[in-house]
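Written below as structure tokens is the structure these notes are about.
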Amino acid sequence: MVAALLAAILGAGCAGTTGGAGGIDAAIDLPSTRAIAGDFNSIAVTDISCNERTEACAKSHATKGDACLRLAIEQPQSASAQDAKMRRLLDCAETGYRKALALQPQKNAPSRVSYHGGLLLTLSERRNRLDDVRDKKLDRENEKLLMAARDARREVPGSALGFLYGASAHVYRATLSPQGRSRCSDLRQAELMLQRSPPPPRELMEEQRRISSLVQRTLRSNGCPRISRV
């Protein structure tokens, strides 16, 4: 689904993962126009000294973030976020996108959709590669994803990415609770987020349907009471 996500981000903002790249993640295509094909290793180790609040400076940090994220996604499925190389690449990508968002001077710049999408994909990739560690660390990484999705909904409300990643993170947090009604609150929040989401790009429509179906099945299997509307 990473290929589709990359296409969704390109179309929305840059026209001019369970482990690995799965779920919403596979629907985001990394902006290949920002990097020279096959030169991601060189870009990933480039020192970006620019810190001015300009479009060019923001883009340079995002370019490095793109390269680091692509290299991280290309690591074997068995590579954990605990692995030194994987951790370094994901840290690099996260830093790049956060700096890009902080330095982009225009609040309504189309590139913000791409930067938020890259950050969400990075945080999702990190969490998904921690499936073999204790719940506390998983919970912490999932909370970071929830907060980033919240920021994306606030800053780019016309994009479905913040809503879909937010819904996915709420479903994930529900699974960290004991089976039963303790999961219902997060599942209801995921349901509400999907209802409030703007229409997703074509590349994400199937993923939206998949998450929605998962939420409804999990609500039923955990005996969550129906919400009565007056």
Just the residues that are surrounded by fewer than 20 Cβ atoms within 10 Å (Cβ to Cβ) and of a type in the set (D, E, K, R), please, taken from the stretch 192-230.
R196, R202, E206, R209, R210, R217, R220, R226, R229
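If you check I43 against the conditions, is it closer than 17 Å to G162 by Cβ, modelled with pLDDT under 90 and assigned to a helix (DSSP H, G or I)?
On the way: closer than 17 Å to G162 by Cβ: no; modelled with pLDDT under 90: yes; assigned to a helix (DSSP H, G or I): yes.
So I43 fails the test.
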Six or more apart or on different chains, Cβ atoms under 8 Å: show the pairs whose first residue is in the stretch 80-100 and closer than 21 Å to A58 by Cα and whose second is polar (S, T, N, Q) and part of a helix (DSSP H, G or I).
L90/T122; A93/T122; E94/T122; G96/T63; Y97/T122; A100/S111
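Yes or no: G96 within 26 Å of S177 (Cα to Cα) and of a type outside the set (F, W, Y)? It would help to see each step written out before you state the result.
On the way: within 26 Å of S177 (Cα to Cα): no; of a type outside the set (F, W, Y): yes.
Here the answer is no, as G96 does not meet what is asked.
The values are calculated or read from the model by the stated rules, or taken from the named source; none is laboratory data. These figures come from a predicted structure and were not determined experimentally. With ideal geometry, Cβ positions are generated from the backbone for all residues, glycine too; neighbour counts draw on all protein chains shown.
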